[in-house]
Amino acid sequence: MKIYSDFAGRRTRQIIADVLALGAIALWVWFGYTVFTLINNLAVFGVQMEDAGAGFRETMTEVGETLGGVPLIGPGIRLPFDGASAAGATLEAAGQAQQDAVLQLATTLGIGTAALPVLTILIIWLVPRILFIRRAGRVKAIVAADVGMDLLALRALTTQKLSAITSIDADALGAWRRGESDVVRRLAQLELKSSGVRLKES
């Protein structure tokens, strides 16, 4: 697998693009996490509400149980405290629900903040890089074949700019058909360079 071009200029651009893309992805992930953290901090109100409700419920339950043990009047006295204990349980449940809602909102916004920019970066940066790696790999395989130079020259005739082809030979197609080795080699080198592969000198 060939990740970078053999040619210094293009290789430098690829490395710079990789560093910038990875840095941008890291920055957006950090930003998304920051958004998540800031919003999730609002759950502290839910924690306080839950703690207050739990404390109130436990206190009312203890008082109700204590007073409920008083002979004759105990059961009657206990009823209001049982009601207050239930109200504390409701407050506790509301606090937990608030925490869950804040967590869900923080997660959604945190992921949403980072996901779209990261996806855009991956499309703009990673897709061309993958295409380059695949193309460079195919070209290297063609070079290793017995008819590699001839096939690369043919590819150059069909994929390269006309100005680049005619700069090699005004009748490049005819020269390729006649098997003129110098033209074939220069056409092949044109295709190789655009694929980021340097032809090793024999």
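The values are calculated or read from the model by the stated rules, or taken from the named source; none is laboratory data. Bear in mind the structure is a predicted one, so any value in this text is a computation, not a measurement. Here Cβ is always computed from backbone atoms with ideal geometry, including for glycine, and neighbour counts include all displayed protein chains. What goes into the accessible areas is simple: the full protein's heavy atoms, side chains included, and nothing from ligands, DNA or RNA. Shrake-Rupley method; radii C 1.70, N 1.55, O 1.52, S 1.80 Å.
Quick notes on this structure:
- With every protein chain in place, the chain: carbon and sulfur % of accessible area (1.4 Å): 68
- Here the Karplus curve 6.51 cos²θ - 1.76 cosθ + 1.60, taken at θ = phi - 60°, turns the phi angles of the stretch 166-174 into couplings of 5, 5, 7, 7, 4, 10, 4, 5, x Hz, with x standing for Gly and Pro.
- Between amide H atoms placed 1.01 Å from N, distances below 5 Å from K2 occur with G137, all of them 5 or more places distant or on a separate chain.
- Couplings for the stretch 19-29, taken from phi via the Karplus curve 6.51 cos²θ - 1.76 cosθ + 1.60 with θ = phi - 60°, read 5, 5, 5, 5, x, 5, 4, 4, 5, 5, 5 Hz in order; Gly and Pro are left as x.
- Annotation for the stretch 150-202: GluC sites (Glu not before Pro) lying in DSSP loop with at most 16 further Cβ atoms inside 10 Å of their Cβ are E201.
- With only Cα atoms counted, the chain has Rg and Dmax values of 36.0, 119 Å.
- The chain: relative contact order in percent, alpha carbon pairs under 8 Å with at least 6 residues between: 26
- Across the stretch 44-57, rounded Karplus estimates of 3J(HN,Hα) from the backbone phi angles (6.51 cos²θ - 1.76 cosθ + 1.60, θ = phi - 60°) give 4, 5, x, 5, 4, 5, 5, 5, 5, x, 5, x, 5, 4 Hz, Gly and Pro being marked x.
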